[in-house]
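Colleague: Handing you this structure, nothing more for now.
The values are calculated or read from the model by the stated rules, or taken from the named source; none is laboratory data. Since the model is a prediction, treat every value here as computed from it, not as a measurement. Don't worry about glycine lacking a Cβ; one is built from the backbone with ideal geometry, like all the others, and counts go over all protein chains shown. What goes into the accessible areas is simple: the full protein's heavy atoms, side chains included, and nothing from ligands, DNA or RNA. Shrake-Rupley method; radii C 1.70, N 1.55, O 1.52, S 1.80 Å.
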Amino acid sequence: MCGVFGVRAPGRDVARLSYFGLYALQHRGQESAGIAVSEDGRLTALRDLGLVPQVFDERSLSGLRGELAIGHTRYSTTGANAWENAQPLLHHGRSRTVALGHNGNLVNADDLRASIGKPLASTSDSEVIAALIADDERPLEDAAVAAISRLEGAATVVGLADGKLFAFRDAHGFRPLALGRLGSDPVVASESCALDLVGASFEREIRPGELVVADDEGLHSIQALEPAERGALCIFEFFYLARPDTRLSGVEVHGARVRMGERLAAEAPAEADLVLPIPDSGTPAAIGFARATGIPFSEGLIKNRYVGRTFIQPEQGMREQGIRMKFNPLAEVEGQRVVVVDDSIVRGSTTRQIVAMLFEAGAAEVHVRISSPPVVSPCFYGIDLASEDEMIAAQATVEDVRAAIGATSLAYLSLEGLQAATRRPADALCRACLTRDYPTRVPADSAKLRFESPV
Ligand code: SF4
């Protein structure tokens, strides 16, 4: 999970625009943030570990001048959470220097890395993409098309080189990328909510396999690859990752999540007094559940919004610690039969602790309802879900999971119900972590830290 942003706007403060764009994309990655600018073809990048406002201040932003900028917020899926892996990365190649930000994970990174035949500064798979473009002596557009055609897996990319802004999506379109306009200046962002925040109007989504290049002559679109027969926009974006005010394939995420809750209520109703969301990603589905059942909605769990999202913390120890700092139940749950709605269960540790916390607060019954099917298989396309043996539902029945989390009852939304709520056809979405049906070949070794000794 990462957020990417790019803008070409001569005469405007492109670094500041990127800063605010990244602010809107902070939920996609909280480990590191960075901005690269291009001024008359010269590239400068500033990146560091931490949240967007921790990495940048007024002084550092005012030192980043140019006509073009890209930005990145990172959550690591390949490569450690280390400074060298923060993005945008800069790669000095044989033909050009490339600044690049990447969202997604390649499944053929090992092969590509070996074919490059030189040491790389970072251990992420993203530098491989930058190296392919930087070492290619053809014009930027041709070099980028050649690079895209060698990538397998998920790659939503923004980059700067040769005084141009470029951006593309892999042929499956795993990760989103929206195109907007600030006046006539092009802006690209992982999610449409970032366009809203900088005052850009939404124009369209970048198509799977499409490359766009912005230069003095405007914005050019090149269909670098035919879109894959089977589209694969990540269904996790719909129920968990994307911000509710983002539109994906024309569908507002909040509305889709409310429909998930309504459908869940129809598939698995519960006799209860209150419906509580696990905030924030469970909130729209809880609204839908409450609406459909007539059971009053309650903000029975208060979230400390200044503590990072537990799912994003990479260490198990931090995750266990995090939950107590993050949620506190209200006294109104005492003696009540509550329905707790969340978007997903991966390891089960968060849900188990919340159920225990509600019983400790005096809840009479805790019915857990999940607005997605069981997560049973890993993601190779940029979401660090866990390995299969860490997933509570991978080899267990729903009753086993219910017993493990200690709930009075447990039900998941069906795959058909989830699909219907997105209003997208099944062949437009990747659902592999729910079905084990992957749209690409999967790598033999997908360990996150496998490149820690760079070749
Ligand atoms: S495997 Fe799951 S999380 Fe990964 S891209 Fe597919 S749907 Fe999304």
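Colleague: Using modelled backbone amide H atoms (1.01 Å from N, in-plane), which distant-in-sequence or interchain residues come within less than 5 Å of residue 108's amide H?
Modeller: Those qualifying (amide H under 5 Å, at least 5 residues apart or on another chain) are 152.
Colleague: To the nearest 0.05, how large is the calculated FRET efficiency for residue 42 and residue 114 if R₀ is 22 Å and r is the Cβ-Cβ distance?
Modeller: 0.10
Colleague: Here's another thing I want to ask about it. Using each residue's phi in the stretch 277-286, evaluate 6.51 cos²θ - 1.76 cosθ + 1.60 at θ = phi - 60° and report the 3J(HN,Hα) Karplus result to the nearest Hz, with x for Gly and Pro.
Modeller: x, 8, x, 9, 6, x, 5, x, 5, 5
Colleague: What ranking do 424-433, 46-55, 127-136 get when scored by the average of other Cβ atoms within 10 Å per residue, highest first?
Modeller: Ranked from most to least packed, the peptides come out as 127-136, 424-433, 46-55.
Colleague: Enter the angle in degrees (range 0 to 90, nearest 10) between the Cα long axis of helix 140-150 and the first principal axis of the Cα atoms of the chain, meaning the one along which they spread out most.
Modeller: The angle comes out near 50 degrees.
Colleague: What net charge is computed for the residues neighbouring residue 377, neighbours being all others with C-beta under 12 Å from the C-beta of residue 377, Lys and Arg scored +1, Asp and Glu -1?
Modeller: Details: positive: 431, 436; negative: 388, 389, 390, 437.
So the surrounding residues net to -2.
Colleague: What distance in nm separates the two pseudo spin-label positions at residue 415 and residue 223, each 7 Å out from Cα along the beta-carbon direction?
Modeller: If labels sit at residue 415 and residue 223, their model points lie 3.0 nm apart.
Colleague: Per residue of the stretch 212-227, in order, report the coupling 6.51 cos²θ - 1.76 cosθ + 1.60 (Karplus, θ = phi - 60°) as ³J(HN,Hα) in whole Hz, putting x for Gly and Pro.
Modeller: 10, 10, 10, 9, 4, 8, x, 9, 10, 10, 10, 7, 5, 9, 4, x
Colleague: Sticking with this one: Counting only protein heavy atoms and a 1.4 Å probe, tell me what percentage of the stretch 221-278's accessible area is made up of carbon and sulfur. Walk me through the numbers before you get to the answer.
Modeller: On the way: 1070 of 2160 Å².
After summing per-atom areas, the C and S share lands at 50 percent.
Colleague: Roughly how many percent of the accessible protein surface of the stretch 348-420 is carbon and sulfur, given a 1.4 Å probe and a whole-percent answer? Spell out each step's value before the answer.
Modeller: On the way: 1310 of 2470 Å².
Result for the stretch 348-420: 53 percent of the exposed heavy-atom area is carbon or sulfur.
Colleague: Which percent of the accessible heavy-atom area of the stretch 1-111 goes to carbon and sulfur, probe 1.4 angstrom?
Modeller: 46
Colleague: Using the Cα atoms of the stretch 190-231, I'd like the radius of gyration and the largest Cα-Cα distance, Dmax, both in angstrom.
Modeller: Gyration radius and largest Cα-Cα distance of the stretch 190-231: 12.7, 35 Å.
Colleague: Moving on. Taking a cut-off of 11 Å, what percent of all Cα-Cα pairs in the stretch 243-285 are separated by more than that?
Modeller: 67
Colleague: Over all pairs of distinct alpha carbons, what does the Kirkwood formula give as the hydrodynamic radius of the stretch 231-308, in Å?
Modeller: 13.2 Å is the Kirkwood radius here.
Colleague: At 20 °C and 1.002 mPa s, grab the translational diffusion coefficient of the stretch 38-140 from Stokes-Einstein with a Kirkwood Rh over Cα pairs, rounded to a whole number in µm² per second.
Modeller: Approximately 147 µm²/s, per Stokes-Einstein.
Colleague: How fast does the stretch 318-424 diffuse by Stokes-Einstein, in µm²/s, taking the Kirkwood radius from C-alpha pairs at 10 °C and 1.306 mPa s?
Modeller: Diffusion coefficient, whole number: 107 µm²/s.
Colleague: Could I ask something else about it? Nearest 10 degrees is fine. How inclined is helix 14-24 to the longest principal axis of the chain, computing both from alpha carbons?
Modeller: Relative to the chain, helix 14-24 is tipped by roughly 20 degrees.
Colleague: Next question, about the same structure. Per residue, how large is the accessible surface of the chain? Use a 1.4 angstrom probe and give square angstrom.
Modeller: Details: 16760 Å² over 455 residues.
For the chain, the solvent-accessible area averages 37 Å² per residue.
Colleague: What list of ³J(HN,Hα) couplings, whole Hz, do you get for the stretch 92-103 from phi and the Karplus terms 6.51, -1.76, 1.60, once you set θ to phi - 60° and write x for glycine and proline?
Modeller: These are the phi-based 3J(HN,Hα) values: 8, x, 5, 10, 6, 9, 10, 9, 8, x, 10, 10 Hz.
Colleague: What is the distance, in nm, between label points placed 7 Å from the Cα along the Cα-to-Cβ direction at residue 400 and at residue 95?
Modeller: My value for the distance between the label points is 5.2 nm.
Colleague: Semi-axes of the equivalent ellipsoid for the stretch 1-76, please: Cα gyration tensor eigenvalues, times 5, square-rooted, ordered largest first, whole Å.
Modeller: 20, 12, 10
Colleague: Moving to a separate point now. Based solely on its DSSP helices, what 222 nm [θ] is calculated for the chain when runs of n ≥ 4 H residues each add -39,500 (n - 2.57) and the sum is averaged over all residues, nearest 500 deg cm²/dmol?
Modeller: For the chain, the value works out to -7500 deg cm²/dmol.
Colleague: Binned at 10 Å from 0, what are the whole-percent values of the Cα-Cα distance distribution for the stretch 95-252, short to long?
Modeller: Histogram of Cα-Cα distances, whole percents per bin: 11, 41, 35, 12, 1.
Colleague: Highest mean first, what order results for 250-259, 65-74 on Cβ atoms within 10 Å?
Modeller: 65-74, 250-259
Colleague: Can you tell me the orientation of helix 253-267 relative to the chain, as the angle in degrees between its alpha-carbon axis and the longest Cα principal axis, to the nearest 10?
Modeller: For helix 253-267, the angle is close to 30 degrees.
Colleague: Oh, and also: Calculate the tail of P(r) for the stretch 150-238: the fraction of all Cα-Cα distances greater than 17 Å, expressed in %.
Modeller: Working: 1866 of 3916 pairs.
Of all Cα-Cα pairs in the stretch 150-238, 48 percent lie more than 17 Å apart.
Colleague: Using a 7 Å offset from the Cα along the Cα-to-Cβ direction at both residue 291 and residue 137, what is the distance between the two label points in nm, to one decimal?
Modeller: Label at residue 291, label at residue 137, 6.1 nm between them.
Colleague: Okay, next question. Let me test this: with uniform point scatterers at the alpha carbons of the chain, what is the Debye-based log₁₀ I(q)/I(0) at q = 0.09, 0.10, 0.13 1/Å?
Modeller: Evaluating at q = 0.09, 0.10, 0.13 Å⁻¹ gives log10 I(q)/I(0) of -0.56, -0.69, -1.12.
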